[in-house]
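Notes for the one structure printed next.
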């Protein structure tokens, strides 16, 4: 079970709660076209309050019981992992990468990793041009603020070094390039090799792994059939996709570790777990609004699905009750279909909806994007909310959301 760490410090709980924001912003926010500090994850925060009993308040001569902030707990979800490996022109990946690379060269070389010596944002493909944010503190200054905030949560010394080296693994994975194996012939179907071995050597040094084992892991996959294992060579495009997937997963786990660590130091002192009901709670939900970009991926589908669910709950909690009351009293009401989005949810999560179809395609041995899109267009060709246009590519489909139409690729 979990045992909260003893924090022997003068740092108050209010300061720790407030100082968690710079950490969340560094690791979870990024510059987008619309917002220089856009939150790219959802966050549900429970503020925990110590409540004075009515009897204690009365004895102290107070009519209203007092309360004070005792701690907070955050639950995060829907981190935009795709931003780790790619971002649109004039946007940036997560702030923490630019901050780390803008840190003093001697420090990042000697403390974090020797491979960072002389590097800038342009040294790493996942990051690219730094594009300092106008009107904001420099990345170097923001790094100092982030480092100070991390220290409040005991992320110092070896813990900080391990955290930052994990970020370096993500960065270095992005520098690997894959090409056709020149040794591949008729006896070898497909086959990829890492075409810039110098970058592989840096990753080997950083991870402490054997170069041959690491390259095999990057260019092959293992299929298990019963008691047998078969090694299959990946094509260069597949190897690149796998490499990007690994980078995204590592970053997501870094983020999860940060959240757990912050919760350990901001949770109310005597709270056993996140469901402890001995404290009064004020809950705050910070979530993306509907999103429609030039290119919309799986993350946008998840975000818009969550917003459809919130819209549906709002309709049920408000309009549905009013509608029933008006109908009982014979009062004419507005067209309820204007606010009702249940047909969108049916398309997304129904018995043969998109989510179930996507799950099935993911576990199918040769599942792919084109097959998934083809199947949902066939299954829902008469559905009013599905958009199927002649100009769509084979991997594109559209949904008429409550907030407007969105094309996904």
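Observations on the structure shown:
- Taking region 51-71 as the range and being in contact with a helix residue (DSSP H, G or I) (Cβ under 9 Å, 6 or more places away or on another chain), assigned to a loop (DSSP other than H, G, I, E, B) and closer than 22 Å to residue 266 by Cβ as the test, only 66 passes.
- Residue 99 vs. criteria assigned to a strand (DSSP E or B) and modelled with pLDDT of 90 or more: no
- Residues in region 349-377 that are more than 30 Å from residue 338 (Cβ to Cβ) and either free of Cβ contacts under 8 Å to residues at least 12 places away in the same chain or not in a helix (DSSP H, G or I) (or both): 359, 360, 362, 363, 364, 365, 366, 367, 368, 371.
- Just one of (1) within 22 Å of residue 168 (Cα to Cα); (2) surrounded by 12 or more Cβ atoms within 10 Å (Cβ to Cβ) fails for residue 122. It is (2).
- Cross-chain or 6+ apart pairs with Cβ under 6 Å, region 254-265 first and over 16 Å from residue 72 (Cα atoms), then modelled with pLDDT under 95: 255/79
- Taking (1) within 18 Å of residue 142 (Cα to Cα); (2) in a loop (DSSP other than H, G, I, E, B); (3) modelled with pLDDT of 90 or more in turn, residue 26 satisfies each apart from (2).
- Only helices (runs of 4 or more DSSP H) whose full extent lies in region 157-254 are considered here, and the ones with at least 3 residues that are assigned by TED's automatic domain parsing to the domain that holds residue 108, modelled with pLDDT of 95 or more and under 22 Å from residue 120 (Cβ atoms) are 157-173.
- Looking across 394, 400, one residue alone is crowded, with 16+ Cβ neighbours inside 10 Å and touching a residue at least 24 places away in the same chain (Cβ under 8 Å). It is 400.
- Hits in region 63-86 - residues which are surrounded by fewer than 20 Cβ atoms within 10 Å (Cβ to Cβ) and farther than 29 Å from residue 16 by Cα: 63, 82, 86
- Residue within region 277-297 that is exposed (fewer than 13 other Cβ atoms within 10 Å of the Cβ), free of Cβ contacts under 8 Å to residues at least 24 places away in the same chain, within 30 Å of residue 160 (Cα to Cα) and within 26 Å of the chain's Cα centre (by Cα) present: no
- In region 29-38, residue nearest to the chain's Cα centre (by Cα) [restricted to those that are buried (at least 19 other Cβ atoms within 10 Å of the Cβ) and assigned to a strand (DSSP E or B)]: 29
The values are calculated or read from the model by the stated rules, or taken from the named source; none is laboratory data. For clarity, every value in this text was computed on a predicted model and none was experimentally measured. Counting neighbours? That spans all protein chains shown, and the Cβs are built from the backbone with ideal geometry, glycine included.
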